[in-house]
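Chemist: Handing you a structure now.
The values are calculated or read from the model by the stated rules, or taken from the named source; none is laboratory data. Everything numeric in this text was worked out from a predicted model, so none of it was measured. Ideal geometry is used to build each Cβ from the backbone, glycine not excepted, and the neighbour counts take in all protein chains shown. Note: accessible area is taken over every heavy atom of the protein model, side chains too, but ligands, DNA and RNA are not part of it. Shrake-Rupley method; radii C 1.70, N 1.55, O 1.52, S 1.80 Å.
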Amino acid sequence: MDRQTALLVLQLPEAPAPEEIHDAFEEHVFGLRDFLFRQTVIPQVFRAKVDRLLTASEVGETLGVELPCLDKSLPDMDPLEGPADRVVRTHQENVGRLRTAMAATLDPTCLTRLGECLVRMQHQYLNWMAAWSADRPLEGVTTRPMRDEWDAHTLAATLEAERMGKPIAPETAARLEEELLRIRTLDAAAVTA
């Protein structure tokens, strides 16, 4: 990447001061990290943000700007195993560990690795949940936007109640079906993408 392209990515004029370059670079990377940190993990969307982090790494190298990476290692992830409610909880804990690691850095190379791991982990989770729920009929279930993820705590509690044979309110049962359809749809999209 040449200097002119790097400045264009940061939306800077032709001859910015070093402080302007550093501030614009930090703001650019912060915006990408903030998205990964706060948004529902939709693999295709996150893949695009991770690609933008790769570009940000090139921008930093071209312009000679570095941002701190406190810990270059990936956090340990627990395997997705056991009943569905435990898998949901484990996945949520894994996502939390990755996002905590993201909060400790603004280095785009470190964030790229963490983002890659988050995308891979989400693919595994979606695949596990889609396979687990494959024999549940979901015809006629209301579709939800992909970003409208059900709270993991509530999803896990509902799945646990269902597994234990406890009664589930009709609106909760309907929301569970909507979430399972959302998960299956995301998983199917991930396979073809």
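Chemist: Efficiency by 1/(1 + (r/R0)^6): what FRET value for Leu8 and Lys166, r their Cβ-Cβ distance, R0 = 41 Å, to the nearest 0.05? Don't jump to the answer; show the numbers that get you there.
Modeler: Numbers: r = 58 Å, r/R0 = 1.41.
Efficiency at R0 = 41 Å is approximately 0.10.
Chemist: Explain nothing, just the number: relative contact order of the stretch 1-110, from Cα pairs under 8 Å at least 6 residues apart, as a whole percent.
Modeler: Values: 90 pairs, mean separation 37.6, N = 110.
Dividing the mean separation by the residue count of the stretch 1-110 yields 34 percent.
Chemist: Then there is this: Multiplying the sequence separation of Glu19 and Arg86 by 0.36 nm and subtracting their Cα-Cα distance, what value in nm do you get? Before the final figure, lay out the partial values.
Modeler: On the way: separation 67, 0.36 × 67 = 24.12 nm, distance 4.80 nm.
Extending this stretch completely gives an extra 19.3 nm.
Chemist: Build a GNM of the chain with springs between Cα atoms under 10 Å: which of His22, His91, His123 gets the top mean-square fluctuation?
Modeler: It is His22.
Chemist: Working out 0.36 nm times the residue gap between Asp76 and Arg47, then minus their Cα-Cα distance, what length gain in nm do you get to one decimal? Please report the intermediate quantities before stating the final value.
Modeler: Details: separation 29, 0.36 × 29 = 10.44 nm, distance 2.14 nm.
That works out to 8.3 nm of additional length.
Chemist: Another question, then. Taking only protein heavy atoms and a 1.4 Å probe, what accessible area per residue, in Å², does the stretch 1-154 have with all protein chains in place?
Modeler: Working: 8450 Å² over 154 residues.
About 55 Å² of surface per residue is accessible.
Chemist: Quick one: how many Å² of Ser73 are accessible to a 1.4 Å probe, rounded to 10?
Modeler: 60 Å²
Chemist: Which helices pass in the chain if a helix is a full DSSP H run, must span at least 18 angstrom along its long axis by Cα, and must have mean Kyte-Doolittle hydropathy not below -1.0?
Modeler: Counting only whole DSSP H runs, the qualifying helices are 18-38, 43-63, 84-103, 108-132, 170-192.
Chemist: Right, here's the next one. Using a 1.4 angstrom probe on the protein heavy atoms only, could you order Met129, Met146 from most to least accessible area? Don't skip to the answer; put the middle values down first.
Modeler: Details: Met129 0, Met146 55 Å².
Greatest to least solvent exposure: Met146, Met129.
Chemist: With an 8 Å cut-off on Cα pairs and a minimum separation of 6 or more residues, tell me the relative contact order of the chain in percent. Present the calculation step by step, with values, prior to reporting the outcome.
Modeler: Values: 199 pairs, mean separation 48.6, N = 193.
Across the chain, relative contact order equals 25 percent.
Chemist: Let me ask you something else. Once each part is reduced to its C-alpha centroid, what is the distance from the stretch 1-56 to the stretch 93-130 in angstrom?
Modeler: Answer, in whole Å: 18.
Chemist: So I have [x] 29, 21, 15; [y] 39, 17, 13; [z] 49, 22, 12, and one of them is semi-axes √(5λ) of the Cα gyration tensor in Å calculated from this model. Which one is it?
Modeler: [y]
Chemist: Taking the chain as a Gaussian network, where each spring joins two C-alpha atoms under 10 Å apart, which residue of Ala48, Ala84, Ala15 fluctuates the most?
Modeler: Ala15
Chemist: Please compute the length gained on full extension between Arg38 and Asn127, using 0.36 nm multiplied by the number of residues separating them and subtracting their Cα-Cα distance. Intermediate values should be presented prior to the final figure.
Modeler: Working: separation 89, 0.36 × 89 = 32.04 nm, distance 2.22 nm.
Stretched out fully, the Arg38 to Asn127 stretch lengthens by 29.8 nm.
Chemist: May I pose another question? Taking Cβ-Cβ under 4.7 Å as the only way to count a partner, pick out the unpartnered cysteines of the chain.
Modeler: Lone cysteines by the Cβ rule: Cys117.
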